[in-house]
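The values are calculated or read from the model by the stated rules, or taken from the named source; none is laboratory data. Every value quoted in this text rests on a predicted model; they were computed, and no experiment measured them. Here the Cβ positions follow ideal geometry from the backbone for every residue, glycine too, while neighbour counts run over all protein chains shown.
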């Protein structure tokens with residue numbers, strides 16, 4: 001590395017969208033600056049690789065932008081380096097002028113009800129990670145041998161889980177879905193998928209594009225109940241708001257679904273509203289979900305679900321929850337347990353009423369799990385504006401940076417991968433996919449990735 | 001099919017869309033922005049970002065906007081990329097009010 005000593009050295013932790021947009025904003029600042037991106041897996045791109053569904057290849061084209069950033073002068077990838085496992089926050093603060101946390105929201109919110117941990121009850125994260133070949137979820141098993149699945153939650157992740165369960169498997173064969181998932185889905189006997197939300201159709205979080213796709217699945221009937229679409233005055237107020245265009249479009253789609261008939265389609269998706277899960281039923285495995293019926297209370301745009309006292313039971317064999325995501329606390333830094341984020345003021349990490357010098361946060365770990373890929377670009381621009389404002393005002397101190405950090409790794413048994421080594425993995429994955437007509441066949445075990453790059 | 005910018009952008013050009021675009025597919029002239037259909041990945045981040053709702057998913061838009069598909073493609077091809085947010089046009093506040101937002 002021929003970084004001039006006066007360069008500002010900045011570590012970005014995490015290589016998903018928010019991390020790459022932070023790197024982009026830093027590298028465009030026109031300052032002498034070195035950005036080192038740490039990633040706990042050998043592979044970059046975070047949820048674009050392991051979250052975006054395999055049948056949404058167009059969204060993954062965003063990787064071309066990240067690849068361009070990664071090849072910029074002043075950028076270094078340190079793959080297979082985990083904060084907490086291989087390096088500490090204190091060490092990073094000693095080696096860099098600033099660190100930007102971009103680790104996302106890696107765990108799921110719990111429903112907090114009895115039976116939630118019964119076999120057959122899963123998080124959406126586990127299922128999505130599994131079909132996308134994330135090493136953490138490679139060995140999870142999902143029993144697709146029975147007929148009825150329930151998904152709790154009405155956002156885009158719930159839609160992805162639903163679509164992968166409902167689509168004819170032949171339509172997934174030429175995607176980059178992992179082979180182990182394809183094999184399991186080919187044997188699936190799932191016939192009914194119920195998607196439940198605690199509020200009404202006007203409050204569902206789907207983007208209309210994702211919802212529309214659920215109505216266009218081959219050999220699948222997508223159904224909703226007419227009675228759920230009789231909206232109150234406050235919901236109509238919400239739909240009529242020009243800035244709330246998604247809700248109006250979603251409701252128009254739900255209305256179309258009420259006219260559909262189950263007929264003799266192979267599968268059906270059914271939307272349920274105004275239901276909160278109260279207990280997962282079953283002795284040794286999931287057999288049903290007890291739900292409490294809600295009504296909406298409160299003013300328009302702030303309507304909350306309130307229990308009516310009526311309960312009912314949905315029989316099911318498989319249960320997924322997709323009701324929000326939480327960041328994971330980082331040892332040595334404050335954490336807002338209620339919101340599941342690192343507390344911050346426009347990206348500056350805060351501890352009570354003071355800021356933690358040199359430590360910043362961006363993306364889902366900063367604002368919570370909202371928005372789409374591009375939302376993170378504006379978010380990271382905001383964080384980086386404050387990073388640069390603070391750094392250019394501070395006295396010039398030299399920091400040892402990434403070369404010195406890398407020197408610590410061998411003694412710790414840490415084998416960090418460079419961006420060039422990721423490109424070897426990338427090429428090998430594309431090669432593995434070719435005979436099967438797939439854009440790639442991902443490696444799903446870290447040891448295989450390390451072996452391929454000569455680190456076995 | 002990509003997303004497109006329609007007439008509401010004229011005299012506004014707020015460019016909030018540019019800042020949330022993950023792939024830099026926005027181009028602009030003195031009047032408005034345009035989306036390059038070959039670069040847009042249909043993520044939809046720009047739709048709610050626009051203060052005057054000028055942007056539509058072409059799979060889900062009123063018939064009247066169909067001509068904008070060609071206009072976006074043609075203009076984006078000849079204009080420079082906008083990489084970062086710009087100040088809105090001086091007429092933006094009045095135009096926003098006139099459009100009812």
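Search segment A:339-370 for residues being under 14 Å from the mean Cα position of the chain (by Cα) and surrounded by fewer than 18 Cβ atoms within 10 Å (Cβ to Cβ), and hand back the single one that is farthest from residue B:44 (Cα to Cα).
Restricting to residues being under 14 Å from the mean Cα position of the chain (by Cα) and surrounded by fewer than 18 Cβ atoms within 10 Å (Cβ to Cβ), the top hit is A:368.
Is it the case that segment A:136-145 has a residue that's touching a residue at least 24 places away in the same chain (Cβ under 8 Å), touching a strand residue (DSSP E or B) at 6+ places or on another chain (Cβ under 7 Å) and not in a loop (DSSP other than H, G, I, E, B)?
No - not one qualifying residue is present in segment A:136-145.
Please go through (1) within 14 Å of chain B (Cβ to nearest Cβ); (2) part of a helix (DSSP H, G or I); (3) surrounded by 15 or more Cβ atoms within 10 Å (Cβ to Cβ) for residue A:405 and return the number of the only condition it doesn't satisfy.
Failed condition: (1).
Looking at B:24, B:30, B:19, which one is in a loop (DSSP other than H, G, I, E, B) and at the interface with another protein chain (Cβ under 9 Å from one of its Cβ atoms)?
On the way: B:30 fails: at the interface with another protein chain (Cβ under 9 Å from one of its Cβ atoms); B:19 fails: in a loop (DSSP other than H, G, I, E, B).
Exactly one residue qualifies, and that residue is B:24.
So residue A:195 ticks every box in (1) in contact (Cβ under 8 Å) with a residue 40 or more places away in the chain; (2) outside any loop (DSSP other than H, G, I, E, B); (3) more than 14 Å from chain B (Cβ to nearest Cβ); (4) out of contact with any helix residue (DSSP H, G or I) (no Cβ under 7 Å at 6 or more places or on another chain) but one. Which box is left unticked?
Result: residue A:195 fails condition (4) only.
Among the residues that make up segment B:15-26, is at least one of them farther than 20 Å from residue A:28 by Cβ and free of Cβ contacts under 8 Å to residues at least 60 places away in the same chain? Let's see the steps before the verdict.
Initially, segment B:15-26 is screened for residues farther than 20 Å from residue A:28 by Cβ, giving none.
Scanning segment B:15-26 turns up no residue that is farther than 20 Å from residue A:28 by Cβ and free of Cβ contacts under 8 Å to residues at least 60 places away in the same chain.
Identify the residue in segment B:33-51 that is more than 8 Å from chain A (Cβ to nearest Cβ) and surrounded by fewer than 23 Cβ atoms within 10 Å (Cβ to Cβ) and, among all such residues, is farthest from residue A:57 (Cα to Cα).
If we filter segment B:33-51 for residues that are more than 8 Å from chain A (Cβ to nearest Cβ), which is where we start, we get B:33-40, B:50-51.
Those still in the list that are surrounded by fewer than 23 Cβ atoms within 10 Å (Cβ to Cβ) too: B:36-39, B:51.
Numbers: B:36: 18, B:37: 16, B:38: 14, B:39: 13, B:51: 29 Å.
Within segment B:33-51, the match that is farthest from residue A:57 (Cα to Cα) is B:51.
Scan (1) in a loop (DSSP other than H, G, I, E, B); (2) surrounded by fewer than 16 Cβ atoms within 10 Å (Cβ to Cβ); (3) within 14 Å of chain B (Cβ to nearest Cβ) for the single condition residue A:385 breaks and write down its number.
(1)
Kindly list the number of the only condition in (1) more than 29 Å from residue A:253 (Cα to Cα); (2) at the interface with another protein chain (Cβ under 9 Å from one of its Cβ atoms) that fails for residue B:90.
Of everything listed in (1) more than 29 Å from residue A:253 (Cα to Cα); (2) at the interface with another protein chain (Cβ under 9 Å from one of its Cβ atoms), residue B:90 misses just condition (2).
Can you tell me which residue in segment B:52-81 is nearest to the chain's Cα centre (by Cα), limited to those that are outside any strand (DSSP E or B) and within 13 Å of chain A (Cβ to nearest Cβ)? Walk me through it before giving the result.
Step one: of segment B:52-81, the residues outside any strand (DSSP E or B) are B:52-54, B:58-59, B:61-80.
With within 13 Å of chain A (Cβ to nearest Cβ) added as a condition, the list becomes B:52-54, B:58-59, B:61-62.
Numbers: B:52: 10, B:53: 9, B:54: 6, B:58: 12, B:59: 16, B:61: 14, B:62: 16 Å.
Looking at the filtered set, the residue picked out is B:54.
Determine whether segment A:160-175 contains at least one residue that is over 18 Å from residue A:56 (Cβ atoms) and either over 22 Å from the mean Cα position of the chain (by Cα) or not assigned by TED's automatic domain parsing to the domain that holds residue A:47 (or both).
Within segment A:160-175, the subset over 18 Å from residue A:56 (Cβ atoms) is none.
Checked segment A:160-175: no residue is over 18 Å from residue A:56 (Cβ atoms) and either over 22 Å from the mean Cα position of the chain (by Cα) or not assigned by TED's automatic domain parsing to the domain that holds residue A:47 (or both).
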